[in-house]
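Please treat every number below as a calculation from the coordinates, not as lab data. This is a predicted model, so every value here is computed, not measured. Glycine gets a Cβ as well: all are built from the backbone with ideal geometry, and neighbour counts include every protein chain shown.
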Amino acid sequence: MTSTPPLTHESIAYTTTATIAEGRAGQPSRFVGELVRPVGLDAPARTLVLAHDWSGIHGGMRVIADRFAAVGWVACLLDVYGAGVRGDPLGDNHALMDPLLADRGALRRRLLAGFDAVLEHAAVDPSRVAALGFCFGGLCALDLARAAPRSLRAAISVHGVLAPPELGPQAPIDASILVLHGWEDPVAPPPAVLALAAELTAARADWQLHAYGHAQHAFTFPAANAPELGIVYEPRAARRAWATIDAFLDEVIGASSRTG
């Protein structure tokens with residue numbers, strides 16, 4: 001059995017004035033993400049920016065970060081809700097997510113503030129940065145690509161929300177895009193998938209889309225078990241999705257240079 005290499009975990013704090021348009025007392029201005037990397041990493045490395053789902057940074061997202069750090073990535077969990085603001089991974093988190101869905105400009109500014117903070121870290125190779133997100137985080141990964149920051153090489157949306165931000169004309173998207181979609185996902189029915197394909201084509205993006213038959217929303221999450229809401233774990237689709245994620249990242253970003 002292969003042992004997991006030692007990892008180091010740290011926080012990344014950043015600020016932004018990206019308040020939500022409708023306004024609420026106590027809107028956050030300070031955000032705290034998390035960064036994981038192999039112990040002994042002695043040169044800037046390929047970096048994966050992880051966008052959390054609707055429940056915020058939680059244990060499941062940390063497991064994913066550790067998975068990538070264990071094979072040589074610097075993995076960075078962004079925070080778009082605010083320092084200490086977290087939801088329930090098994091609960092209803094519409095109150096946290098919906099205001100940002102309604103104000104995609106504020107969401108974009110929060111994502112870019114976190115992305116810029118990640119790029120400032122000494123362990124990050126700014127020429128080898130990708131983004132990955134699940135569900136609401138899949139929308140965040142796409143929105144980061146839509147914002148077209150210069151250092152973003154790739155973005156992956158897994159069972160993500162696909163609706164465009166409607167923030168004016170879309171600039172060309174430079175990042176390579178991978179969308180992994182459950183064909184029976186009620187969050188993104190076929191017309192939304194076709195609309196995203198048209199959007200990415202118009203933006204001249206290098207894009208690909210994998211649709212998994214019989215898969216619904218959150219199909220990669222083992223704890224997903226709400227069939228009445230179309231939220232169900234599908235192990236075969238999940239296995240294929242993870243293999244595709246790894247192959248895509250190796251193609252676009254390149255394999256780790258870390259040895260030993």
Ranked highest first by the average count of other Cβ atoms within 10 Å around their residues, in what order do 231-240, 178-187 fall? 178-187, 231-240
The chain - mean residue ellipticity at 222 nm from DSSP helices (-39,500 (n - 2.57) per run, n ≥ 4, rounded to 500): -9500 deg cm²/dmol
What is the Cα centroid distance between the stretch 142-176 and the stretch 47-76, reported in whole angstrom? 19 Å
Mind ordering 146-159, 29-42 by average Cβ neighbours within 10 Å, highest first? 146-159, 29-42
Starting from a Cα-only point model with no solvent, please compute log10 I(q)/I(0) by Debye for the stretch 1-140 at q = 0.12, 0.16, 0.18, 0.22 1/Å. -0.46, -0.79, -0.97, -1.37
Local electrostatic count at Ala247 - Lys and Arg +1, Asp and Glu -1, tallied over other residues with Cβ under 14 Å: -1
Once Lys and Arg get +1 and Asp and Glu get -1 on their Cβ, which of Leu100, Thr201, Ala43 lies farthest toward the positive end of the dipole of the stretch 7-252? Ala43
Express in % the proportion of alpha carbon pairs of the chain at distances exceeding 25 Å. 40 percent
